[in-house]
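Taken together, the values in this text are just the output of simple stated rules run on the coordinates, not laboratory data. This is a predicted model, so every value here is computed, not measured.
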């Protein structure tokens, strides 16, 4: 998640919000958040979803912690809460409380209290203290139960740590550079042609040289005056060049691999670039035109496809549809009924938003030629069939700050050189941070240790070499030759031979980069106190979930006898107000409604005359019923009709609703009485949950010793 999207926030945020909402946001004693019913997995998903919501509220300083070079002073990083700065590793921090011999500092309390106040209605420190204590009591119980030692718990925590670590494993300066570059390029569409000299997988340096020399020869032919288009059709390894002469049409940022994109956005119209190397091979590129971006467009279309119709039939079909549109037929209805594009037909022909280079040129040109929302094109032919296009909406390229999250996500997840640049930039900085020192002599020994068997995929670490020399050091950590040799063996696969020294250097760059990144990730808690706090909060929050599930939520579902007993003991807390027993008759005309009212009144005066006595007589001889009846028990607010009639036994009132007439017959008024369990199960279950949790906390407070240093708390209250 970009910014907040790419990191799952601390589960302790969830504890803070969950615990406080149970107290602050009470509505007649009902907690705002409680996964009361359903499987543990369902409840856990709901719990995690709440974390994601909270995550979006986390202030930017939290995410700036991902900058490995910024904000770290003597091993500490400033945190921000409530507009005040404090050092999370301040040596002057004091013990606020002791729970079961475990010390909890004032900084931990302040940090979570102020974070919580950003997410909910602010609370005084004294009021928050009880919630804070309750939380730590529950976590202490979970630890005593050994939940944190369970393998499933540890595995899940490792997964969350991976997600939390992501923003720390990015070079933010390089990322910002790439984001701004992408946004600037997004403002323009480029039309370019290319000729591809393909390099197949497993290519050797000799293959690379041959491809480059061929590309240069082709470029020289064009420079000498040969037509680019003719040469493209004759020499390009891109199959589409046979039909498009190498012309790729208009495209914009992120639509071509990064080296290709770099070449065209750094060239002038008409310029023939030097051969460009990409994962596909070498490209001779000519920039044909650069224009300001047309933005993005939302359209719907109706298609008569060549997979369904012959050419002439498709054209006839689309012309028939076009005439019907001109006669006023609804575009969406015709698309659903007639369009050959099954992916969009049921959505009225609606396509996703798109910009330059996303769809075939003929379709794209016709779509962007429309100016006014609702405007419809004449039939347009493409290689796939005939289309009618309707413009829904247009939008310009958004400002940088609006586009930032989308661009960051694309830069980070780019499968091409952008993500590699981010990695390489971070590795270079980590070398300085961790005092990386390479032993070149130990590395050069591998030029003799590794032989051609590595290209057959069966090279093994030779037993004849000790491989105990230090290859490189990272602060006080030493990495030996053997570790690199084992990496080479694991990553050997059948491929074309390279010069051994080039191959070794390539593998070593990969090995050392991976090692540094792994080392950085393993040491995030030591490098960034904020990350350490996040991990502790997340771990404690997971413990809270698991122990609460076992002590409260599961019992709510499984202890049916306990729930019934709780309801019985508190049944007068769940009372119906006065209710009315009434029948609502529906008639289609005023004459029938009057007859309904008369018969309804009579039905109360004679035993055995019920609602059917009213309806059967009036519906007799009719093909369709002219009167229907609905009998029920209604509380105030259940039904507008019963709310607005006189609540007296025998009352009959008719209401004209325009198209029908409603007649309400009041049978009796029901006095207040306790609700049955099934009539209020949701509310009763929630209160039973509160009851179980209250009893649980009482036991925990009796079991564990809690000491609060009131002088420290008073100082916090005074400062904040």
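At-a-glance table
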read-out: Region 406-523: relative contact order as a whole-number percent, Cα under 8 Å and 6+ apart; value: 28
read-out: Nearest-ten-degree value, helix 11-21 long axis tilted from longest Cα axis of the chain; value: 20
read-out: Cα long-axis angle, helix 590-603 against the chain (0 to 90 degrees, to the nearest 10); value: 60
read-out: Cα radius of gyration and Dmax for region 487-555 (Å); value: 22.0, 68
read-out: Three principal axis lengths of region 296-395 [C-alpha, angstrom, descending]; value: 35, 28, 22
read-out: Between region 329-354 and region 382-423, the alpha-carbon center distance in angstrom; value: 23
read-out: Degrees separating the helix 560-569 axis from the principal Cα axis of the chain, which is the longest one; value: 40
read-out: q = 0.15, 0.19 Å⁻¹: log10 I(q)/I(0) that the Debye formula gives for region 188-292, counting C-alpha atoms only; value: -0.57, -0.92
read-out: Square roots of five times the Cα gyration tensor eigenvalues for region 580-672, Å; value: 21, 16, 10
read-out: Computed [θ] at 222 nm, helices only, for the chain once each DSSP H run of length n ≥ 4 contributes -39500 (n - 2.57); value: -14500 deg cm²/dmol
read-out: Binned Cα-Cα distances of the chain, short to long, each 10 Å bin given as a whole percent; value: 2, 10, 13, 14, 16, 17, 14, 8, 4, 2, 0, 0
read-out: Centre separation in Å (Cα based) which lies between region 664-689 and region 236-256; value: 70
read-out: Contact order relative to length of the chain, as percent, for alpha carbon pairs under 8 angstrom and 6 or more apart; value: 16
read-out: Pairwise centroid distance, computed over Cα atoms, of region 97-172 with region 566-597, Å; value: 50
read-out: Computed over region 267-309: relative contact order in percent, which uses C-alpha pairs under 8 Å that are six or more apart; value: 31
